[in-house]
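Before any comments, here is the structure.
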Amino acid sequence: MGEATPPTEKKLSGETSPCADLSGSGIGRLSYRKRLIFYTLRDPDPDGTVFKMLLVSVLYALLTPWLLSLVADQPTTSFVWTTSLLAGSYFFVGTVSLSQTMRLPAVFFRFSYAAMLAVAGAHFVGPVTGAAVACLSTFYAAGTFGHAVAEHRQRVGTETSAGAVVPPPFRNEEHRERREAFLCYAFVQFAAVSFFVLARMVWVVFFPACVSYLSDHGDEALAVAVELSFETLGLAWLWIFFVAVMLLEQALASFKTVACLGIASLIGSLVLSCVVSIVLGDRARLLVMWLLSMAAVGFFGYCLAVHARYKQIQQRGAQLYPQGGDSITIQ
């Protein structure tokens, strides 16, 4: 069977973008970093959305320290709730502004469900459980926001990784089946690890006393939020590796980049949080771990959006080039 050349994003997407007319030129063959610099300098914000989000970010940066200072002498559960509401509202505004597939009602219902679940946990189980669910809801919001950022960047043409994915050529059907079996095996292994981590997270949410012994001061809410943040950080990088390296064939981020960033995030979060805890206090330690985890989950959502775009390109390629569609599609 002959090997087909993957169609370019320009031929398959049918959309107009700043990179569409350059996909076959020398610019289209540049590395991802050089393409990003080129398109950013060419037209960094064609519709003004990035500038608006920058203003919102500055506003939140100014308000957050003041709002958190209001609950400085309150229980840790109040601190966690306040931080969750601040982060959730920011991600809500960002998702509504940037997403191309979700409108305001859909985003509102998704975010409100997470908030209502946290309220229910606080009412029926306990305040620490409610705070833990509120903490977890920010990770969901961060992933949704990261997905929206990728959608926006793909629309304006500054994110072209989906069109740059080059699947490995298959020599025959047996080679293709081995590749699919390898991906399935990797997925099962990652899912098994995730299952045990998630089981531990669920146990911590409903039985927070099991974590309090790890903390000298016995603050259950703080200990639970820190552990959930660290476990979420590990899970996020695990699945970032699967999507960015294995499914996207390192078009978005290379194996070395993902591995180095993941290890640095896990080790750095522990070291940095300990240093910050000594200098600024335990709540500052929680904020460091929390922010790193939200950033990782946001990047995971970004990877999912790029992969979704890649699958769209593959489907259109199979429709336009039915004879070569099977040789360029990876399940």
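Bear in mind that the values in this text are calculations on the coordinates, not laboratory data. None of these values were measured; they are calculated from a predicted model. Because the Cβ atoms are built from the backbone with ideal geometry, glycine has one as well, and the counts that use them run over all protein chains shown.
Miscellaneous remarks
- The ranking of T101, T144 from fewest to most other beta carbons within 10 Å of each one's beta carbon is T101, T144.
- Exposure proxy for H307, H147, H175: other Cβ atoms within 10 Å of each Cβ, ordered fewest to most, give H175, H307, H147.
- Label-to-label distance for V125 and K256 is 4.3 nm, based on points extended 7 Å past Cα in the beta-carbon direction.
- Sites N172 and M116 - FRET efficiency at Förster radius 51 Å, r taken between beta-carbons, to 0.05: 0.45
- Proxy reagent accessibility, fewest Cβ within 10 Å first, across Y90, Y185: Y185, Y90
- Inter-label distance, nm, simple model (7 Å from Cα along the C-beta direction), L54/L85: 3.0
- Chymotrypsin sites (Phe, Trp or Tyr not before Pro) within the range 260-307: DSSP coil, no more than 10 neighbouring Cβ in 10 Å: none
- Length added when fully stretched, F207-I267, from 0.36 nm per residue minus Cα-Cα: 18.9 nm
- Here the range 146-174 is scanned for amide nitrogen atoms under 17 Å from the site 7 Å beyond the Cα of A308 along Cα-to-Cβ, giving 146-157, 159-163.
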